[in-house]
């Protein structure tokens, strides 16, 4: 199974500024001086093999959208942030306009998690089928209100695909699109829900916009059980631990430190830092990744957790 | 968890030992409580000497944060000192070094909080 990240930024989409682009170019050109990079092939090899990720790439700016691709069948997504716009365009460009089925698991209905849907082109085309699952009782209302005046010029009724909303109950197993799916309620304003998705022996946990207060041992145990033996945990690491339990307490997000500990306790194989803080630039996120890998290393027992930082375009093969 | 407790003039020094994690954090919190109750403006100041702590998890850091908040609300300064290398890295990665007063040694912590406590420490 491939897990493909279309949007990884928290709270609001961000774009690189011209100053950031210029800084990357200057750094790259200085690093390339005297290297004789006189062909596209040599230049590409240098960029891909020798430059720091934060110089040669960007973690990106679209808000939450992740695809679980088992290699056959329907599209399975988590959240419809602005990354869904890119996914939708990619589907139309590579697979044609019609005949697609999408299953979307919604963590919650805050702007940054639904804002891609008005720009999700497959939803406007007849012959496509979009089924949106979630645990909130205002699931359908949130999408309809977003695609209506005065928020948006094109009304929801103009979406010509077949669109269905399916309410799920947390803590109950469902079989959907070849996956065994279970939702879990999380601490976030208005609640959010994490999803544990299992298929063919592989387990992905999508747990974003989730604050872990850790003041109740039973609740910690319940999350550890939810993450247990996962091949990949996609985890909200927007804040530092100090911020999450002081000035940003009750803002509904978690930290890299808690992510590492939970994955260690659950013996998960991979942790992917997700829902990046919008004020962080690429260097800051790269440093966060390095620090998190170091934390995992110095606190490791008999189980290693592989640490990733999500970026728009990242693919993780399980 | 048992804390070794010392006193230098107007400053109480608490010395936890071992690991402060999911298994021991509640005990750490309970052991801090009497000293936290006693601290305040014009009363005790507090130093937590972490020299004997080999690991602290997020739950343990949360206990420290709550202690710091309570001490601050009561008008008492609270400082931490003596971090082992691994614990120091955990403080840095979690950014606790930015929100708590952290000193390399007990002497430096006492010097920051109270001249009387420093004098008592030097005389001991």
Just one of A:88, A:127, A:99, A:73 is under 22 Å from the mean Cα position of the chain (by Cα) and surrounded by fewer than 16 Cβ atoms within 10 Å (Cβ to Cβ); which is it? A:73
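Answer yes or no as to whether residue A:281 is in contact with a helix residue (DSSP H, G or I) (Cβ under 8 Å, 6 or more places away or on another chain), more than 13 Å from every other protein chain (Cβ to nearest Cβ) and surrounded by fewer than 22 Cβ atoms within 10 Å (Cβ to Cβ). It would help to see each step written out before you state the result.
Working: in contact with a helix residue (DSSP H, G or I) (Cβ under 8 Å, 6 or more places away or on another chain): yes; more than 13 Å from every other protein chain (Cβ to nearest Cβ): yes; surrounded by fewer than 22 Cβ atoms within 10 Å (Cβ to Cβ): yes.
When the stated conditions are applied, residue A:281 passes them.
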The number of residues in the range A:43-93 that are assigned to a helix (DSSP H, G or I), out of contact with any helix residue (DSSP H, G or I) (no Cβ under 8 Å at 6 or more places or on another chain) and assigned by TED's automatic domain parsing to the domain that holds residue A:311 is 5
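Sort out for me the strands (runs of 3 or more DSSP E) sitting completely within the range A:99-185 that have 3 or more residues that are under 24 Å from residue A:72 (Cα atoms) and either touching a helix residue (DSSP H, G or I) at 6+ places or on another chain (Cβ under 9 Å) or not assigned by TED's automatic domain parsing to the domain that holds residue A:203 (or both). Explain how you work it out, then say what you get.
Working: elements: A:101-105, A:129-134, A:162-167, A:173-176.
Counting at least 3 such residues, we get A:129-134, A:162-167.
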Quick check, is residue B:45 within 14 Å of another protein chain (Cβ to nearest Cβ) and in contact with a helix residue (DSSP H, G or I) (Cβ under 9 Å, 6 or more places away or on another chain)? no
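Limited to the range A:237-258, what total is found for residues that are more than 10 Å from every other protein chain (Cβ to nearest Cβ) and either farther than 19 Å from residue A:220 by Cα or within 17 Å of the chain's Cα centre (by Cα) (or both)?
5
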Being in contact with a strand residue (DSSP E or B) (Cβ under 6 Å, 6 or more places away or on another chain) and away from chain B (no Cβ under 11 Å) narrows A:275, A:303 down to just A:275
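Table: residues versus (1) within 14 Å of another protein chain (Cβ to nearest Cβ); (2) modelled with pLDDT under 95; (3) surrounded by 15 or more Cβ atoms within 10 Å (Cβ to Cβ); (4) at negative phi.
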| residue | (1), (2), (3), (4) |
| --- | --- |
| A:179 | no, no, yes, yes |
| A:193 | no, no, yes, yes |
| A:200 | no, no, no, no |
| A:204 | no, no, yes, yes |
| A:208 | no, no, yes, yes |
| A:216 | yes, yes, no, yes |
For residues that are in a helix (DSSP H, G or I) and either loosely packed, with under 10 Cβ neighbours inside 10 Å or modelled with pLDDT under 95 (or both), tally how many sit in the range A:30-41. 3
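Being in contact with a helix residue (DSSP H, G or I) (Cβ under 6 Å, 6 or more places away or on another chain) and away from chain A (no Cβ under 14 Å), is that true of even one residue in the range B:66-75?
At the first step, the residues of the range B:66-75 found to be in contact with a helix residue (DSSP H, G or I) (Cβ under 6 Å, 6 or more places away or on another chain) are B:67, B:70.
Pick out the ones that are also away from chain A (no Cβ under 14 Å) and you get none.
No, the range B:66-75 contains no residue that is in contact with a helix residue (DSSP H, G or I) (Cβ under 6 Å, 6 or more places away or on another chain) and away from chain A (no Cβ under 14 Å).
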Do we have any residue at all in the range A:42-60 that's on the phi > 0 side of the Ramachandran plot, modelled with pLDDT of 95 or more and crowded, with 22+ Cβ neighbours inside 10 Å? no
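The values are calculated or read from the model by the stated rules, or taken from the named source; none is laboratory data. Note that this is a predicted model, so its numbers are computed, not measured. Here Cβ is always computed from backbone atoms with ideal geometry, including for glycine, and neighbour counts include all displayed protein chains.
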